[in-house]
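Undergrad: My questions all concern the structure below.
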Amino acid sequence: MIVANDAPVLDVSDLCVEFDTHGGVVQAVRGVSFSVRPGKTLAIVGESGCGKSVSVQSIMGLTPMPPGRITRGAARLDGVDIVRQKIVNGEDVRGNRIGMIFQDPMSALNPTMRVGDQIAETLQVHRGMSKRDAFARAVEVLALVNIPDADARARQFPFAFSGGMLQRAMIAMAIACEPAVLIADEPTTALDVTIQAQLLELLEGLQRKNGMAIVLITHDLGVVARVADDVAVMYAGEIVESGTVDDVFYRAAHPYTLGLKAAMPSRETSKSVGLMPIEGAPPDLFRPPAGCGYAERCPHAMLVCGPHRPQRVEVDPGHHAMCWLHHEDAPRGTDAVYRGGRA
Amino acid sequence: MLTYTLKRILQGIVTVWFIATATFVAMHAVPGDPLANQRATNEQIQRNLEQRYGLDRPVSEQYVVFLGGILRGDFGISFTQENRRVNDIIRENFPVSATLGILAVAFAALGGILFGALTALFRDRLPDLVIMFLVILAISVPSFVVAAFSQLALVDINVYLGFSLLPVAGWGTLRHMIVPSMVLGLGTMAYLTRLMRSSMLEITSSDFIRTARAKGLPPARIFLKHQLRNAVLPVVTVLGPAIAAITTGGFVVELVFAIPGLGRYFVEAVQQLDYTVIMGTTVFYGAFLVSMVIVVDLLYGWIDPRVRVE
Ligand SMILES: Nc1ncnc2c1ncn2[C@@H]1O[C@H](COP(=O)(O)OP(=O)(O)O)[C@@H](O)[C@H]1O
Ligand code: SF4
Ligand SMILES: [Mg+2]
């Protein structure tokens, strides 16, 4: 069977996750949908605390439950839902069909196990390889992620590695079984800028070689502009805008995306104007707002925005935004017109 | 690893020398003449002993003689038991104490790791609550009380059964060793259980366990290969002090269960101010403890690669 190139390999729909806490129930993820195509990179971008990590970790079964709970939604990997059942055809899809790397490589590896063994382990478990063969393959994969002297390095423990090398080792671990999807949750946030560029390059190179899809989580629009094919902008547990990278950068349709872009350091701003951080704070997810989550901070907010949840509108083909401004009855005009509705 | 081992052994030797010196100083600080208050010391023995240990000579010289004896592995002759060499006392009785102590440490360590892991797995559920209640009990009740109660219980059980399930006191067979070593190890086991539990819980929510899950490893493998080895580290760290605690606790348990160990001799020697026996057994116990601590350190280095290079 030939799958059309546009068919998503991972398709997440209407995912809802909440946590029981002492203060009440936190609705961390409120109906998130996104999909990623083979060989493409989807960037999920948004402020810290907006639910990016929880979204992907709940799909991977990594959120602690309890207190966490997936109340709704599905994540189809090649058409099979993996939210409730990680074992597909007798095989755990994690580390196998879908790999994941994390923000802090320093703590993400087992300190008392040789790096090579930690990579070999996935091959033993998912490929049924012998310990020897798996270790030999682990050395090859370490070389593939540009670790010099991979043979010796594989025998070392994580403390002997630098942060950037550890993240490479993490990538090696995640791709050892040649997964269809790689989820990278802020993989470069804890590392310095030059290492960050090298790692992004490495990921792009690997993607070209083996055609895997990448879900890249970041709060850095610069990273998005560099590597993403598609972008999902997340705010207060929802995806408020999604589309191709050009859609989101050049035809941004949601006020929050515009705010993020204004806050983005660029060559010009860093010299003169300075950043324009979005004023205010995201809403309290203990009591999520009935209407638009951004209403409190939105310069375009209208009367309808507070009490009523905006619909997802397709502003261009494949380009969606969740904002009342795109409703057919919304006023068309300048910013001043929109603000007039606020009273 | 080799330099690390050598370094630890060298440190150990210095520690033993320190213990020997401290014991020597303490003995000479105690008021009284070691030979004056003895029951059956005649002139002949007194003079022989004074000559042998150089008690008529200056303290510095005595110190040199004492250290020289230790270097040759000779702790001298008992002051109270004529012609009984301290070395013989140690050789005859120490294996009993060591067996008791090692069984107790093994019981404490294995029990602590097992129950700690169990309580962490069943966190806040019935097994956890029951075990943690018993742990508090075991920590707060002193070992001589536990020893006495276990003896009483054993008597009742044997009477009820009509035959001797386990002996109430004495030494000789493995059956004799079970109850005393469990009594001796109980407090330490409770302490290690608590330590293991919190260490397990901390590791459960650590990043590398999350990584292991994201790799799709089976839960049993995550538990054995990733969680247990790392969770055991804090337990291994305190094994040294735990061995020391069990060694001193052994004196009491040996008395209660009438076990012919070295601890009893030590207590008697202190009561009778038998200087050579006190100094000999103290230095010997010290050396034993120091070597156990070194073994524990090497064990730690074997489990945790980060230690080996430092
Ligand atoms: N274990 C948890 N218990 C309670 N709340 C949690 C837990 N994990 C995450 N949350 C909440 O979920 C929200 C989203 O967190 P997260 O997905 O980590 O944000 P980010 O976008 O920075 O990755 C946060 O408000 C956080 O407080
Ligand atoms: S729905 Fe209203 S408040 Fe929300 S982003 Fe659009 S204009 Fe702003
Ligand atoms: Mg995050």
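The values are calculated or read from the model by the stated rules, or taken from the named source; none is laboratory data. Everything quoted here is computed from the prediction, not taken from an experiment. No Cβ is skipped: glycine too gets one built from the backbone with ideal geometry, and neighbour counts run over all protein chains shown. When the accessible area is computed, the model is the full protein with side chains, heavy atoms only, and any ligands, DNA or RNA have been set aside. Shrake-Rupley method; radii C 1.70, N 1.55, O 1.52, S 1.80 Å.
Undergrad: Within the group A:Gly46, A:Gly61, which residue is surrounded by 17 or more Cβ atoms within 10 Å (Cβ to Cβ), within 16 Å of ligand 2 (Cβ to nearest atom) and closer than 30 Å to A:Met165 by Cβ?
TA: Among A:Gly46, A:Gly61, only A:Gly46 is surrounded by 17 or more Cβ atoms within 10 Å (Cβ to Cβ), within 16 Å of ligand 2 (Cβ to nearest atom) and closer than 30 Å to A:Met165 by Cβ.
Undergrad: Across the stretch A:278-336, what is the number of residues that are within 16 Å of ligand 1 (Cβ to nearest atom), farther than 18 Å from A:Ala262 by Cβ and in contact with a helix residue (DSSP H, G or I) (Cβ under 8 Å, 6 or more places away or on another chain)?
TA: The number of residues fulfilling the criteria is 0.
Undergrad: Then there is this: I need a count of the residues in the stretch B:234-267 that are among the aliphatic types (A, V, I, L, M) and either under 16 Å from B:Thr193 (Cβ atoms) or without any contact (Cβ under 8 Å) to a residue 12 or more places away in the chain (or both).
TA: Of the residues in the stretch B:234-267, 7 are among the aliphatic types (A, V, I, L, M) and either under 16 Å from B:Thr193 (Cβ atoms) or without any contact (Cβ under 8 Å) to a residue 12 or more places away in the chain (or both).
Undergrad: Give the stretch A:48-61 a look and list any residue that's within 14 Å of another protein chain (Cβ to nearest Cβ) and within 12 Å of ligand 3 (Cβ to nearest atom), or say none.
TA: A:Ser53, A:Val54, A:Val56, A:Gln57
Undergrad: Mind checking which pairs have a first residue in the stretch B:213-231 that is more than 7 Å from chain A (Cβ to nearest Cβ) and a second that is open to solvent by less than 70 Å² (accessible area, probe 1.4 Å) and among the hydroxyl-bearing types (Ser, Thr, Tyr), Cβ under 9 Å, 6 or more apart or different chains?
TA: Once the first residue is more than 7 Å from chain A (Cβ to nearest Cβ) and sits in the stretch B:213-231, its partners that are open to solvent by less than 70 Å² (accessible area, probe 1.4 Å) and among the hydroxyl-bearing types (Ser, Thr, Tyr) give B:Gln227/B:Thr204; B:Gln227/B:Ser206; B:Ala231/B:Ser199; B:Ala231/B:Thr204.
Yes/no per residue for (1) open to solvent by less than 10 Å² (accessible area, probe 1.4 Å); (2) over 16 Å from the mean Cα position of the chain (by Cα):
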{"position": "A:Phe157", "(1), (2)": "no, yes"}
{"position": "A:Ala176", "(1), (2)": "yes, yes"}
{"position": "A:Thr194", "(1), (2)": "no, yes"}
{"position": "A:Val215", "(1), (2)": "yes, no"}
{"position": "A:Ala232", "(1), (2)": "yes, no"}
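One line per residue, one yes/no per condition, for (1) more than 20 Å from A:Ile183 (Cα to Cα); (2) more than 11 Å from chain B (Cβ to nearest Cβ); (3) among the aromatic types (Phe, Trp, Tyr):
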{"site": "A:Pro67", "(1), (2), (3)": "yes, yes, no"}
{"site": "A:Thr71", "(1), (2), (3)": "yes, yes, no"}
{"site": "A:Arg84", "(1), (2), (3)": "no, yes, no"}
{"site": "A:Asp92", "(1), (2), (3)": "no, no, no"}
{"site": "A:Thr112", "(1), (2), (3)": "yes, no, no"}
{"site": "A:Gly116", "(1), (2), (3)": "yes, yes, no"}
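Undergrad: To continue, here is another question. Any idea which of (1) in contact (Cβ under 8 Å) with a residue 60 or more places away in the chain; (2) out of contact with any helix residue (DSSP H, G or I) (no Cβ under 6 Å at 6 or more places or on another chain); (3) on the phi > 0 side of the Ramachandran plot is the one A:Gly128 doesn't satisfy?
TA: Only one criterion in (1) in contact (Cβ under 8 Å) with a residue 60 or more places away in the chain; (2) out of contact with any helix residue (DSSP H, G or I) (no Cβ under 6 Å at 6 or more places or on another chain); (3) on the phi > 0 side of the Ramachandran plot is unmet by A:Gly128, namely (1).
Undergrad: Only helices (runs of 4 or more DSSP H) wholly contained in the stretch A:103-218 count here; list those with 1 or more residues that are among the charged types (D, E, K, R).
TA: A:115-127, A:131-144, A:150-154, A:163-175, A:193-210
Residue by residue, here is whether (1) more than 12 Å from every other protein chain (Cβ to nearest Cβ); (2) of a type outside the set (A, V, I, L, M, F, W, C); (3) touching a helix residue (DSSP H, G or I) at 6+ places or on another chain (Cβ under 6 Å) holds:
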{"position": "A:Val88", "(1), (2), (3)": "no, no, no"}
{"position": "A:Gly95", "(1), (2), (3)": "no, yes, yes"}
{"position": "A:Ala108", "(1), (2), (3)": "no, no, yes"}
{"position": "A:Ile147", "(1), (2), (3)": "yes, no, yes"}
{"position": "A:Ala152", "(1), (2), (3)": "yes, no, no"}
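Undergrad: Test of understanding: among B:Val267, B:Val236, which residue is within 14 Å of chain A (Cβ to nearest Cβ) and open to solvent by less than 50 Å² (accessible area, probe 1.4 Å)?
TA: B:Val236
Undergrad: To continue, here is another question. Of the residues A:Ala290, A:Ala236, which is at pLDDT 85 or above and within 16 Å of ligand 3 (Cβ to nearest atom)?
TA: Just one listed residue meets the conditions, A:Ala236.
Undergrad: Can you pull out every residue in the stretch A:292-319 that is aromatic (Phe, Trp, Tyr) and more than 8 Å from ligand 2 (Cβ to nearest atom)?
TA: Matches in the stretch A:292-319: none.
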